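Down below is the structure, laid out as structure tokens.
The values are calculated or read from the model by the stated rules, or taken from the named source; none is laboratory data. On a predicted model such as this, the values are computed, not experimentally measured, just so you know. When we count neighbours, we look across all protein chains shown, and the Cβ atoms used for this are built from the backbone with ideal geometry, even at glycine.
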Amino acid sequence: MKMKDFKINMTQYNRGDIITGTIVMIGEKEVVVALGGLKEGVFPREELDPAFKIGDAILVMVTGDIDDKGCLILNHSNVNTALEEKEKLKNLKVGSEFEFKVSKIGNNGMTGEFMGYRVFLPYSQCTALDFVNKDTLSGHKISAIVIELDNIKKSIVCSTKLLASAQITPVNIGDVLSGTVIKVEDKYAIILLENGAKAKLSISDASYDHIEKISEIVELNGIYNFKILETNSDFSRVSVGLKQLQEDPKAKLFDALKVGDIVEGEVVKILPVGAVIKLDNGLTAMALTRENSDRANVATHYIYKLHSRVKGVISNLNKTRQKINIVTKTKKEV
């Protein structure tokens, strides 16, 4: 084939085109394929299945290059993979799941390539885990969902956050799941649960002991078991607890009490509605002003003095909510 003929013929073929040719020669190093008319192409002999013989039709892919003889260089070994990819590309649309290879980690997101399309994954559309591990993802393939598609500019904007949401396994309140701590603040931590959902661990649900910072209980990238406390239908808001997996030290103390028991303690806080009493057994009780004075609208500080000792009888006991009300001897002799 002359070079000028090749240039004319190349107008009919583009790089990546898959066409059917006829094997006209099987040499030691290459296979010659007739592409119609005077057009011919070649591909390496090692790519040919021994089952093929001269005269057989064969699928080949155009590489866009030519050899020193002016023949079109073809590829046969990757045809099946290319056909599968073309089928995927044909079905690609907003909402489609696909896999791309990350080539660059930028300031605003990750970029990559998918079958000739430039792919951009904004950090705002990353899962928390992808964002935390972004510096290790270059050169790796990750799955995402298409959220913007431009077939003219051949560009894709995608989201791993939406894919993760779609793949979240349902859980119920009370379930126990393993999770990784991906963010730690003073009063809360963000957890990536094993089912793909993100959850919040509040400091009040981290420990039965008084702690100033949640980092006293959990550490970044630490893996722990958590109990599901609250969730909504799409798992966009999930609350978990750590202390709920441990025995509550107050539970036995509450179990030992009953209405009518006499208790003693120290006034630790004065409120408009009553006084907070720290009982000698370590529990906290409330002495409501209205229950401890015969006078209407009396101020609490007229009945109780801060840090004073009081003695009273349990008038109400809610073990589930761990609440105690007492009536002290200021109103009723015990």
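If a residue counts only when it is among the aliphatic types (A, V, I, L, M), surrounded by 15 or more Cβ atoms within 10 Å (Cβ to Cβ) and within 17 Å of the chain's Cα centre (by Cα), which strands (runs of 3 or more DSSP E) contained entirely in the stretch 176-284 have at least 2 such residues? If you could, list the steps in order and put the result at the bottom.
Numbers: elements: 176-184, 188-193, 198-202, 223-231, 238-241, 262-271, 274-279.
Of the strands (runs of 3 or more DSSP E) lying wholly inside the stretch 176-284, those with at least 2 residues that are among the aliphatic types (A, V, I, L, M), surrounded by 15 or more Cβ atoms within 10 Å (Cβ to Cβ) and within 17 Å of the chain's Cα centre (by Cα) span 176-184, 188-193, 198-202, 238-241.
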Within the stretch 1-59, restricting to residues that are small (G, A, S) and modelled with pLDDT under 75, the one that is farthest from the chain's Cα centre (by Cα) is G37
For T20, the lone unmet condition from (1) polar (S, T, N, Q); (2) in a helix (DSSP H, G or I); (3) more than 30 Å from K161 (Cα to Cα) is (2)
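Residue check: is T300 over 27 Å from D209 (Cα atoms) and either free of Cβ contacts under 8 Å to residues at least 12 places away in the same chain or surrounded by 12 or more Cβ atoms within 10 Å (Cβ to Cβ) (or both)? Show your work before the answer.
Numbers: over 27 Å from D209 (Cα atoms): yes; either free of Cβ contacts under 8 Å to residues at least 12 places away in the same chain or surrounded by 12 or more Cβ atoms within 10 Å (Cβ to Cβ) (or both): yes.
Yes: the conditions hold for T300.
Determine, yes or no, whether V273 is in the same structural domain as D205 (by TED's automatic domain parsing) and either hydrophobic (A, V, I, L, M, F, W, C) or farther than 16 Å from Y208 by Cβ (or both).
When the stated conditions are applied, V273 does not pass them.
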Check your understanding: Can you spot a residue in the stretch 68-90 that is modelled with pLDDT under 85, among the small types (G, A, S), surrounded by 15 or more Cβ atoms within 10 Å (Cβ to Cβ) and closer than 20 Å to K153 by Cα?
Key -> no
Flagged in the stretch 109-129 as of a type in the set (G, A, S) and in contact with a strand residue (DSSP E or B) (Cβ under 6 Å, 6 or more places away or on another chain), in numbering order, are G109, G112, A128
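Pick from K183, K187: which is more than 30 Å from K88 (Cα to Cα), touching a strand residue (DSSP E or B) at 6+ places or on another chain (Cβ under 6 Å) and of a type in the set (K, R)? Spell out the reasoning first.
Numbers: K187 fails: touching a strand residue (DSSP E or B) at 6+ places or on another chain (Cβ under 6 Å).
Going through K183, K187 in turn, the sole match is K183.
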Restricting the stretch 91-137 to residues that are in contact (Cβ under 8 Å) with a residue 40 or more places away in the chain and hydroxyl-bearing (S, T, Y), the one nearest to N78 (Cα to Cα) turns out to be S96
Do the conditions hold for S165, that is, is it out of contact with any Lys or Arg (no Cβ under 8 Å at 6 or more places or on another chain), farther than 18 Å from R237 by Cβ, of a type in the set (S, T, N, Q) and surrounded by fewer than 18 Cβ atoms within 10 Å (Cβ to Cβ)?
no
Considering the stretch 91-119, residues that are modelled with pLDDT of 90 or more and touching a helix residue (DSSP H, G or I) at 6+ places or on another chain (Cβ under 7 Å), and then whichever is surrounded by the fewest Cβ atoms within 10 Å (Cβ to Cβ), we arrive at N108
